[in-house]
Amino acid sequence: MAKRPPPKSSSNTHDAKVHTLFPGRAGWDPLGEERREQSYVRTVKPMSPGQALLMQAIADNSLTLALGPAGTGKTYLAISSAVAALEKGSIDRIILSRPAIEAGESLGYLPGDLNEKMAPFLRPLYDALSDRLGAKRLKAMMADGSIEIAPVGYMRGRTLNNAFIVIDEAQNCTYAQIKMLLTRLGWHSTMVLTGDPDQSDLLDGLSGLADIARRLEPVDGIAVVRLAEMDIVRHPLVASMLTVL
């Protein structure tokens with residue numbers, strides 16, 4: 001009895017219907033062509049012209065505002081630049097902050113102290129740091145104060161000298177909060193604000209990021225980098241979705 005031909009794979013039919021928005025980015029892997037089995041990433045290279053522009057802006061300016069959609073690497077590149085500066089010895093510490101906005105979720109009932117309650121908000125920063133430093137080294141540097149992670153509300157009244165400051169999710173800060181954060185910048189320090197003005201969890205009109213960026217763009221010594229869908233380095237469908245959502 002003749003053997004039946006193998007059934008056609010349903011995945012081929014599905015794949016034929018999927019069209020990559022940016023064909024040159026198909027199959028992109030954040031760790032390179034081959035996955036590396038290591039505890040941390042030693043070097044970070046830009047994956048698009050926009051990312052290259054952002055990395056150069058951070059290197060050349062004491063204050064940089066990185067605006068763009070989700071998945072463009074704003075936070076990761078900012079933290080990578082901070083780690084590189086710390087390892088180079090050009091700064092003494094890294095300070096990371098983000099607003100405690102709940103994005104439609106209710107987290108206030110969670111048990112624990114302040115650090116435990118803030119953990120869900122700060123998890124993306126821990127992930128990026130762990131990827132660059134490794135979990136063991138990150139824990140040691142946080143213990144000795146070389147790396148500090150704090151909510152925006154705890155930044156008031158401070159002067160941040162010899163530091164690299166990253167303010168993440170700045171679209172969830174009001175105009176007054178961003179103004180307060182910007183005036184924390186001290187001597188021999190670098191500050192980077194990252195955010196997507198189109199994804200604010202605040203009520204309409206309360207986010208101050210877009211207004212602050214517009215006002216600061218003409219100021220010498222300050223860089224405003226606007227990333228676009230072409231700079232997205234997550235799954236190709238993320239860029240495709242953002243064109244219609």
Handout entry: Qualifying residues in the range 48-75 (those that are among the hydroxyl-bearing types (Ser, Thr, Tyr) and closer than 15 Å to residue 165 by Cβ) - the one least open to solvent (accessible area, probe 1.4 Å)
Key = 64
Problem - Hits in the range 159-170 (condition: open to solvent by 10 Å² or more (accessible area, probe 1.4 Å) and either of a type in the set (Val, Ile, Thr) or over 20 Å from residue 194 (Cβ atoms) (or both)) - result: 159, 161, 162
Problem - Verdict on residue 156 being surrounded by fewer than 17 Cβ atoms within 10 Å (Cβ to Cβ) and out of contact with any His (no Cβ under 8 Å at 6 or more places or on another chain) - result: yes
Problem - Of residues in the range 171-203 being outside any loop (DSSP other than H, G, I, E, B) and hydroxyl-bearing (Ser, Thr, Tyr), the one most open to solvent (accessible area, probe 1.4 Å) - result: 175
Exercise for the section: Return a yes/no flag: does the range 6-26 have any residue that is under 30 Å from residue 188 (Cβ atoms) and either open to solvent by 100 Å² or more (accessible area, probe 1.4 Å) or modelled with pLDDT under 95 (or both). Expected result: no
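Kindly indicate the residue of the range 115-165 that is part of a helix (DSSP H, G or I) and of a type in the set (Ser, Thr, Tyr) and also farthest from residue 73 (Cα to Cα) among those meeting that condition. Don't jump to the end; show me each part of the working.
So in the range 115-165, the residues part of a helix (DSSP H, G or I) come out as 115-133, 135-143, 152-154.
Narrowing further to those that are of a type in the set (Ser, Thr, Tyr): 126, 130, 154.
On the way: 126: 15, 130: 15, 154: 26 Å.
Top of the filtered list is 154.
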Exercise for the section: Give just the number: which of (1) under 18 Å from the mean Cα position of the chain (by Cα); (2) farther than 14 Å from residue 95 by Cβ; (3) surrounded by fewer than 21 Cβ atoms within 10 Å (Cβ to Cβ); (4) charged (D, E, K, R) does residue 214 not satisfy? Expected result: (1)
Problem - Candidate set: the range 43-95, residues that are among the basic types (Lys, Arg) and not in a loop (DSSP other than H, G, I, E, B); chosen: the one nearest to residue 183 (Cα to Cα) - result: 93
Handout entry: Any hit, the range 226-241, residues being among the hydrophobic types (A, V, I, L, M, F, W, C), surrounded by 17 or more Cβ atoms within 10 Å (Cβ to Cβ), within 19 Å of the chain's Cα centre (by Cα) and at pLDDT 90 or above
Key = yes
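The values are calculated or read from the model by the stated rules, or taken from the named source; none is laboratory data. For clarity, every value in this text was computed on a predicted model and none was experimentally measured. Here Cβ is always computed from backbone atoms with ideal geometry, including for glycine, and neighbour counts include all displayed protein chains. Protein only, heavy atoms only, side chains kept; ligands, DNA and RNA dropped before computing areas. Shrake-Rupley method; radii C 1.70, N 1.55, O 1.52, S 1.80 Å.
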